[in-house]
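Structure first, then comments.
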Amino acid sequence: MRTQVVIVGGGPSGLLLSQLLMKDGIEAVVLERQTKAHVLGRIRAGVLEMGFVDLMREAGVAERLDREGFVHDGAVLSFDNDQVRIDFGALTGRHVTVYGQTEVTRDLYDARDRTVGRTIFEVSDVELHDLETDKPFVTYRKGGEELRIDCDFIAGCDGFHGVSRKNIPDTVRREFEKVYPFGWLGILSETPPVHDELIYASSSRGFALCSMRNANLSRYYIQCPLSDKAETWSDDAFWGELRLRIPAEAAEALVTGPSIEKSIAPLRSFVSEPMRWGRLFLCGDAAHIVPPTGAKGLNSAASDVFYLHRGLTRYYAEGDSGGIERYSEKALARVWKTQRFSWYMTTLLHHFPNQSDFDIRMQEAEIAHLREVRTAQETLAINYVGLPY
Ligand code: FAD
Ligand code: DHB
């Protein structure tokens, strides 16, 4: 088989890239290791930047997102019983949209099913070849058969545990990592959200986040030790701990119910440089991970897709390879700013084991600064709603 672009990974990065390319008449084949049901079963991010929504519109897949997504003009940061509302609208003139990653992925798959674009599920042993030539190819196994796709370019959209990144030689690849000494225990429940905006709560018992998917579907997280297991947290224990970390009025208003999903995610900052090697381009979690505190994981995957899509379109339409040659540089410039913001939010809002009294005073001083200084709020808001591409 031959195509123009092979996309390894059918998560949000790979699917969004495939739809954008298809709109411009560039053919792509998506190779996904899992089944579609498995990919759609993952509960992950929930907050979309305007840049992400614009890309979904450009890809022609934003009809439901525009109808069902919730526009949020602000979010609340709470510190024990002190609260600061960050007014995105007043500070930046911009907003975010609450719409789950599961729904984004479903919309992208539905759109892809209506087109001729091929998505091949349940592939294994994906290997990339001849990346430093202009005739790269990909081999994989499907149903016991070994298959090959020749192409012009390969997009590695296969997440943190994918194979693409490791094709960049060790002598060239540089990895930067920070692992945090805690995780997030998250639950989804069919209950009304406790507040109409997200609440990011820092407390001496640890961080908590109140989020939502719709008027009767809430998403809550609490910071927990990495040694905890989701199965050993009963729903009652979760709700009890959440109540102790959020503002008193929210604790009183909280409607609880059975969880329909419960899982623990570790927190990590990770960047792999460069994001391009010959004809291979890395996008999204394949190249970088952020701790979820700033809601940036999915959004920074989208900015990579933006730069790569623009570069490939320029190459095919005008024969100009400038965009793809500068892909890594451009994508990484934004990635590092997003890393800074996610690290800042994580450091500000979590309780760290072995935190010194000095560290605690620094958090308190930063909070006072945020409360009192409008430009500090503005900096936070500019980053939260999304830096320009
Ligand atoms: P992925 O979504 O990881 O997709 C990669 C795809 O590639 C997967 O479908 C995988 O099956 C496939 N794949 C992997 N290896 C291969 C292979 N060898 N061959 C073929 N296919 C392969 N972000 C937030 O902003 N907020 C959150 O609350 C949040 N929660 C998260 C919770 C968890 C448990 C995780 C893992 C991530 C979370 N994120 C969150 C991050 C966000 O979900 C990711 O940034 C986003 O999914 C990145 O999209 P992606 O397409 O780059 O990677
Ligand atoms: C959600 C997750 C986040 O990491 C975040 O910062 C905001 C919202 C969510 O799952 O709704």
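The values are calculated or read from the model by the stated rules, or taken from the named source; none is laboratory data. Since the model is a prediction, treat every value here as computed from it, not as a measurement. With ideal geometry, Cβ positions are generated from the backbone for all residues, glycine too; neighbour counts draw on all protein chains shown.
Listed here are the residues, each with its yes/no results for (1) loosely packed, with under 14 Cβ neighbours inside 10 Å; (2) under 27 Å from Leu48 (Cα atoms); (3) out of contact with any Lys or Arg (no Cβ under 9 Å at 6 or more places or on another chain).
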| site | (1), (2), (3) |
| --- | --- |
| Glu197 | no, yes, no |
| Ala201 | no, yes, no |
| Cys210 | no, yes, no |
| Asn214 | no, yes, yes |
| Ala230 | no, yes, no |
| Arg243 | no, yes, yes |
| Leu254 | no, yes, no |
| Ile260 | yes, yes, yes |
* Considering residues of segment 288-301 that are in contact with a strand residue (DSSP E or B) (Cβ under 8 Å, 6 or more places away or on another chain) and hydrophobic (A, V, I, L, M, F, W, C) only, the residue farthest from ligand 2 (Cβ to nearest atom) -> Ile289
* In segment 1-76, which helices (runs of 4 or more DSSP H) lie fully inside it and hold 1 or more residues that are among the polar types (S, T, N, Q) and in contact (Cβ under 8 Å) with a residue 40 or more places away in the chain? -> 12-23
* Hey, Val163 within 29 Å of the chain's Cα centre (by Cα) and part of a strand (DSSP E or B) or not -> no
* Can you find a residue in segment 298-321 that is farther than 20 Å from Leu15 by Cβ, part of a helix (DSSP H, G or I) and acidic (Asp, Glu)? -> yes
* Counting residues that are away from ligand 2 (no atom under 13 Å from the Cβ), which strands (runs of 3 or more DSSP E) fully inside segment 174-231 reach at least 3? -> 174-189
* What is the residue count in segment 41-72 for residues that are more than 16 Å from ligand 2 (Cβ to nearest atom) and farther than 15 Å from His309 by Cα? -> 6
* To do: Would you confirm whether any residue within segment 103-121 is modelled with pLDDT of 95 or more, of a type in the set (Asp, Glu), within 16 Å of ligand 2 (Cβ to nearest atom) and closer than 21 Å to Phe306 by Cβ?
  => yes
* **Count - residues of segment 182-198 that are away from ligand 1 (no atom under 15 Å from the Cβ) and out of contact with any Leu (no Cβ under 7 Å at 6 or more places or on another chain)** => 7
* Structure fact -> Output for Cβ contacts, cut-off 8 Å, separation at least six or different chains, first residue closer than 10 Å to Val84 by Cβ in segment 362-375, second modelled with pLDDT of 95 or more and part of a helix (DSSP H, G or I), reads Ile367/Leu348; Leu370/Ala376; Leu370/Gln377; Leu370/Leu380
* Lone qualifier among Phe341, Phe281 - being hydrophobic (A, V, I, L, M, F, W, C), under 21 Å from Thr97 (Cβ atoms) and at pLDDT 95 or above -> Phe341
* Asked: Take the residues of segment 326-360 that are outside any helix (DSSP H, G or I) and on the phi < 0 side of the Ramachandran plot: which is surrounded by the most Cβ atoms within 10 Å (Cβ to Cβ)?
  -> His350
* Here are Asp158, Asp170: which of them is surrounded by 18 or more Cβ atoms within 10 Å (Cβ to Cβ), in a loop (DSSP other than H, G, I, E, B) and more than 16 Å from ligand 2 (Cβ to nearest atom)? -> Asp158
* To do: Taking Ile149 as meeting all but one of (1) in a strand (DSSP E or B); (2) under 25 Å from the mean Cα position of the chain (by Cα); (3) of a type in the set (Val, Ile, Thr), write down the number of the exception.
  => (2)
* Test Glu122 against the criterion of being closer than 30 Å to Ala62 by Cβ, of a type in the set (D, E, K, R) and within 15 Å of ligand 1 (Cβ to nearest atom), and give yes or no. => yes
* Hey, Glu132 touching a residue at least 40 places away in the same chain (Cβ under 8 Å) and surrounded by fewer than 15 Cβ atoms within 10 Å (Cβ to Cβ) or not -> yes
* Is it fair to say Tyr99 is surrounded by 15 or more Cβ atoms within 10 Å (Cβ to Cβ) and away from ligand 2 (no atom under 16 Å from the Cβ)? -> no
* In segment 77-111, the residues that are assigned to a loop (DSSP other than H, G, I, E, B) and in contact (Cβ under 8 Å) with a residue 12 or more places away in the chain -> Asp80, Asn81, Arg94, His95, Tyr99, Gly100
* Do we have Leu244 as aliphatic (A, V, I, L, M), assigned to a helix (DSSP H, G or I), away from ligand 2 (no atom under 14 Å from the Cβ) and modelled with pLDDT of 95 or more here? -> yes
